[in-house]
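The values are calculated or read from the model by the stated rules, or taken from the named source; none is laboratory data. Everything numeric in this text was worked out from a predicted model, so none of it was measured. Cβ: placed from backbone, ideal geometry, glycine included. Neighbour counts: every protein chain shown. We work out accessible area using only protein heavy atoms, side chains counted, and drop any ligands, DNA or RNA first. Shrake-Rupley method; radii C 1.70, N 1.55, O 1.52, S 1.80 Å.
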Amino acid sequence: MTLTAIAFYAFAIVLLASAVRVITAKNPVHSVLFLILAFFNAAGLFVLIGAEFVAMILVIVYVGAVAVLFLFVVMMLDINFQELRQGFMQYMPVGLVVGAILAVELVFLAATQLAGGPVGGQANNSPIPPVDQVTNTEAIGRVLYTDYVYAFQVSGLILLVAMIGAIVLTLRSRPGVRRQQIGQQLDRKRGEVVQVRKVPTRGGV
Amino acid sequence: MSDILAQLGTFWADLPLIVRIVVGILTIVVPLLIGMAMLTYFERKVMAAMQLRQGPNMVGPFGLLQPFADGLKLLSKETVVPTQANAGVFFAAPMLTFLLALVAWAVIPFGEGLVLADINVGVLYLFAISSLGVYGIIMAGWASNSKYAFLGGLRAAAQMVSYEVSIGLVIVTVLLCVGSLNLSKIVEAQKTVWFFIPLFPMFIIFFISALAETNRAPFDLPEGESELSGGFNVEYSSMTFALFFLGEYINMILMSAMTVILFLGGWLPPLDIAPLNWIPGPLWFIAKITFVLFCFIWVRATLPRYRYDQLMRLGWKVFLPFSLIWVVLTSGVLVYFDLLPK
């Protein structure tokens, strides 16, 4: 019990400290590295509450893929972050409002939880099985593909649209760029490219 | 005899949890480090044999002590930090690489019940840890503040992210046949037939992706000597370099262990008959890992390095669609013949 408490406080403290460093670090690459540390500690917290599937997916998707690309971009681009920081005071009120709304929502959620009220709204057709009987991967699978199948499909479609959008925006054929066309290379016939000529002596081709 | 064993058992159970965990970790890490040292020797000897050379044969009998001599030499060298380097990240990168290579071994089952942490999401844990491995390399490339190292780091990042996608889909195919994310259950599901027989194309894709994921030849572009003069670790020397080297080779052993667990039946003997099942499970496991490692070295000694755009094309345009089709095909076959694990 105490071990869990120690682990919780360790994860929580490192998480908060690295979250603060994300916005205060001078070097943008350091910011991204602290963001990764924050993700990692959040995954640790998920493990502590027994949601190991969510923890692993968080690490695989956010730390393993999204943050790598993020780091990639930050390293490649020469962004002047001093300049970006100029408007900090200007955006401050908006940020505070968003933060306040989130905090109020969290308090409401916690209050309903404590009062014992339903969090999900209406009752499900297939209730979530107790986590000590099935693994939580299975528990998520059971509700995700039954009650929430439409929400699941819609989120998949949104991602697909975003992906197609990104491809459409970046795919353009630039004139003057010669690319390797593997299909064309393999498609060539001997007769099209090799000519056998009889060259007369001293005559040339 | 059984009395002594029973006494040992109760003595073990009475020890405090922390002592048991530490002893457990040491029994994995120490043989692993020795195994890694022997792997470098094995690699040099096998490649020498393939190229009709002798290989290391001076230090100790048959040159067996060569890796330890190399290790001592590395330790006694000077650690050089480039003046323009970002010192914190520069030192964090090799430590991270080495650490990640070791922590993944916590969930590997060496035999029936012989596993340090038997967690339910073992496969996902391994996948998560191996996807983190890219950070050590990209941090090293950036912190060195050198163009060769930076190019090597960027190449490594792009390559590892690309091949992870096909590895993920291959793992999904195996999981469809098992119905559990637990590594011990994956091995037990192969009691009737090892998965490399029904899923042979997936086995090949996994092996090739493992080569790319560990930055081994013919996909060793992040450290291409001819164009990047060593790649991401060009500025590292002494112990910091040794940590990268250790990390890379332990990752090789780890990916071989994953191949063995997913496709070659883990600790199970090929046939459950008399002389074969006398050999204890862990020995089978180690023998199979050695075989996969031999294939790693064999590929390195045989094939030339890929061109970078060909490498990306192979990952995204060949492996990804192919493994995606196999996921659909496998699930279709399993549903049609009602073979899905309950």
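Here are a few things to note about the model shown:
- Every condition in (1) modelled with pLDDT under 85; (2) open to solvent by 40 Å² or more (accessible area, probe 1.4 Å) is met by B:E188 except one, and the failing one is (1).
- Yes/no for A:P175 being at pLDDT below 85 and within 30 Å of B:P341 (Cβ to Cβ): no
Conditions (1) buried (at least 17 other Cβ atoms within 10 Å of the Cβ); (2) in contact (Cβ under 8 Å) with a residue 24 or more places away in the chain; (3) more than 26 Å from B:M160 (Cα to Cα), marked per residue:
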{"residue": "B:Q66", "(1), (2), (3)": "yes, yes, yes"}
{"residue": "B:K73", "(1), (2), (3)": "no, no, yes"}
{"residue": "B:A93", "(1), (2), (3)": "yes, yes, no"}
{"residue": "B:F98", "(1), (2), (3)": "yes, yes, no"}
{"residue": "B:W105", "(1), (2), (3)": "yes, yes, no"}
{"residue": "B:F110", "(1), (2), (3)": "yes, yes, yes"}
{"residue": "B:G113", "(1), (2), (3)": "no, yes, yes"}
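- Residue in region A:152-165 that is β-branched (V, I, T) and within 24 Å of B:Y308 (Cα to Cα) present: no
- Taking region A:15-59 as the range and being over 17 Å from the mean Cα position of the chain (by Cα), crowded, with 18+ Cβ neighbours inside 10 Å and within 8 Å of chain B (Cβ to nearest Cβ) as the test, only A:E52 passes.
- Tabulated pairs, region B:46-61, first farther than 12 Å from B:R300 by Cα and in contact (Cβ under 8 Å) with a residue 24 or more places away in the chain, second basic (K, R) and surrounded by 10 or more Cβ atoms within 10 Å (Cβ to Cβ), C-beta under 8 angstrom, 6+ apart or interchain: none
- The condition (being of a type in the set (S, T, N, Q) and in contact with a helix residue (DSSP H, G or I) (Cβ under 8 Å, 6 or more places away or on another chain)) is satisfied by just one residue among B:Q54, B:Q7: B:Q54.
- Given (1) open to solvent by less than 40 Å² (accessible area, probe 1.4 Å); (2) part of a helix (DSSP H, G or I); (3) closer than 23 Å to B:F296 by Cα, number of the condition B:F195 does not satisfy: (2)
- Only one of the numbered conditions (1) part of a helix (DSSP H, G or I); (2) more than 9 Å from chain A (Cβ to nearest Cβ) is violated by B:A128, and that is (2).
- Test result for A:V205, in a loop (DSSP other than H, G, I, E, B) and under 30 Å from B:D309 (Cα atoms): no
- Residue list for region B:216-236, filter: hydrophobic (A, V, I, L, M, F, W, C) and at pLDDT 70 or above: B:A217, B:F219, B:L221, B:F232, B:V234
- Test: B:A287 is under 14 Å from the mean Cα position of the chain (by Cα) and either acidic (D, E) or open to solvent by less than 70 Å² (accessible area, probe 1.4 Å) (or both): no
- Meets criteria (open to solvent by less than 60 Å² (accessible area, probe 1.4 Å), under 24 Å from the mean Cα position of the chain (by Cα), under 21 Å from B:I297 (Cβ atoms) and touching a residue at least 40 places away in the same chain (Cβ under 8 Å)) for B:G24: no
- Residues (in a helix (DSSP H, G or I), more than 20 Å from the chain's Cα centre (by Cα) and under 19 Å from B:L243 (Cβ atoms)) located in region B:141-166: B:G141, B:W142, B:A143, B:A149, B:G152
- Residues being touching a Phe, Trp or Tyr at 6+ places or on another chain (Cβ under 9 Å) and facing chain A (nearest Cβ under 8 Å) - total across region B:131-145: 4
- Some residue of region B:167-182 being free of Cβ contacts under 8 Å to residues at least 40 places away in the same chain, facing chain A (nearest Cβ under 9 Å) and touching a helix residue (DSSP H, G or I) at 6+ places or on another chain (Cβ under 9 Å): no
- Checked across region B:146-156, the condition of being free of Cβ contacts under 8 Å to residues at least 60 places away in the same chain and more than 12 Å from chain A (Cβ to nearest Cβ) holds for at least one residue.
- Restricted to helices (runs of 4 or more DSSP H) entirely inside region B:275-336, those with at least 3 residues that are touching a residue at least 24 places away in the same chain (Cβ under 8 Å) and hydrophobic (A, V, I, L, M, F, W, C) are B:281-302, B:320-336.
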